[in-house]
Amino acid sequence: MKWVGLIAVIFTGGLLLSAMDDFPNWGDAHSPANASPVSQYYIEKTIEDSGVPNMVTAVLADYRGYDTMFETVVVLIAGIAIMAILRVMNGVPGGARPSPAHEIGDQHDIIIGTTCRLLIPVLQLFALYVIAHGHHSPGGGFQGGVILGASFILTAIAKGLDPALERLPEKRYVKLAFVGVVIYSGFGVACLLLGENFLDYGVLQVLLPTIDAAEARSHSMLGVEVGVAFTVSAIMFAIYANLASKGELEGGL
Amino acid sequence: MIWQFDIIILIFLVITAVISLRVKDLLAASMVFGTYSFLICLLWAGMGAVDVAFTEATVGAGISAVILIATVYNTRRDSSD
């Protein structure tokens with residue numbers, strides 16, 4: 001059986017290697033990806049349309065807003081599914097866990113605890129910067145949300161799961177995750193109500209009279225990034241908290 | 001991109017990929033897998049795809065390694081094959 005697998009791998013790998021020749025060179029301006037009118041439009045019109053220097057964010061949050069919205073929904077569904085599967089498999093009774101009363105940092109290492117106490121505020125501040133500055137520099141809702149969730153996971157690793165759950169109990173993180181999706185789709189619905197297409201942010205300029213359509217797009221991108229960050233950070237912490245405690249949200253690593 | 005760095009990163013990429021598949025200790029495999037993600041992140045950063053590199057660094061090298069380790073902790077540490 002192993003030999004069949006080896007032959008299949010060698011055959012497939014050979015096919016892929018032989019196709020390498022037809023690939024365009026790195027940075028080739030005439031490659032199909034770069035020469036298509038769609039890419040040309042993004043490259044030439046992003047600043048004009050939305051005034052956002054980071055083209056990647058403009059594509060993610062504005063031109064292809066649907067993709068990002070449903071990616072956020074996928075993250076939400078994945079988190080909910082992990083929680084559900086772990087609890088059904090382990091027979092944990094339903095309903096939200098009450099937040100446990102627990103003394104902080106008695107059984108854990110003082111060096112790790114102190115390091116994390118110094119590190120976590122910096123991490124969270126950096127996460128907020130990444131979220132808020134995502135349309136001007138690399139970053140955005142996904143990355144910032146993951147860093148924010150990681151700071152809570154760091155609390156859980158350093159001090160135990162219970163103190164972390166005291167700060168972000170189950171009721172709160174599930175709510176946060178749904179609020180994120182509601183924020184994102186709320187921007188879309190607001191555009192619909194003002195008589196434009198779903199997630200066509202330009203029309204939102206009527207809400208803030210001092211800005212034009214391009215600025216409205218830029219600010220709306222920030223808004224939807226915040227929504228993405230809510231969902232992603234809450235779900236990342238939810239996945240860790242449930243996996244580390246087999247869905248019981250007690251003890252943990 | 002500097003091609004010498006590329007070659008070094010690609011060699012380490014193959015090494016980490018093979019190790020994370022072959023090693024019997026699943027905890028070690030998860031950590032090597034995080035290293036693999038970080039090397040890919042370096043490659044993307046070198047190619048100028050900074051947003052993708054950032055996502056790979058946070059999601060691939062950061063969170064998914066932690067989640068895999070949490071899973072290993074609650075299941076079994078040794079691989080069965």
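Values in this text are rule-based calculations from the coordinates and carry no lab data. For clarity, every value in this text was computed on a predicted model and none was experimentally measured. Cβ coordinates were reconstructed from backbone atoms using ideal geometry, including for glycine residues, and neighbour counts include every protein chain displayed.
Restricting to segment A:19-56, name every residue that is under 30 Å from residue A:203 (Cβ atoms), of a type in the set (Asp, Glu) and either free of Cβ contacts under 8 Å to residues at least 40 places away in the same chain or surrounded by 12 or more Cβ atoms within 10 Å (Cβ to Cβ) (or both).
A:44, A:49
Please tell me if residue A:172 is of a type in the set (Lys, Arg), away from every other protein chain (no Cβ under 13 Å), within 23 Å of the chain's Cα centre (by Cα) and farther than 30 Å from residue B:48 by Cβ.
Considered against the rule, which asks whether it is of a type in the set (Lys, Arg), away from every other protein chain (no Cβ under 13 Å), within 23 Å of the chain's Cα centre (by Cα) and farther than 30 Å from residue B:48 by Cβ, residue A:172 comes out as yes.
Scan (1) in contact (Cβ under 8 Å) with a residue 60 or more places away in the chain; (2) facing chain B (nearest Cβ under 9 Å) for the single condition residue A:143 breaks and write down its number.
(1)
Within segment A:20-42, can you find the residues that are closer than 23 Å to residue B:43 by Cβ and assigned to a helix (DSSP H, G or I)?
Within segment A:20-42, A:20, A:21, A:22, A:32, A:33, A:34, A:39 qualify.
I'd like to know if segment A:68-88 contains one or more residues that are of a type in the set (D, E, K, R), part of a helix (DSSP H, G or I), over 23 Å from residue A:139 (Cβ atoms) and in contact (Cβ under 8 Å) with a residue 12 or more places away in the chain.
Among the residues of segment A:68-88, at least one is of a type in the set (D, E, K, R), part of a helix (DSSP H, G or I), over 23 Å from residue A:139 (Cβ atoms) and in contact (Cβ under 8 Å) with a residue 12 or more places away in the chain, which makes the answer yes.
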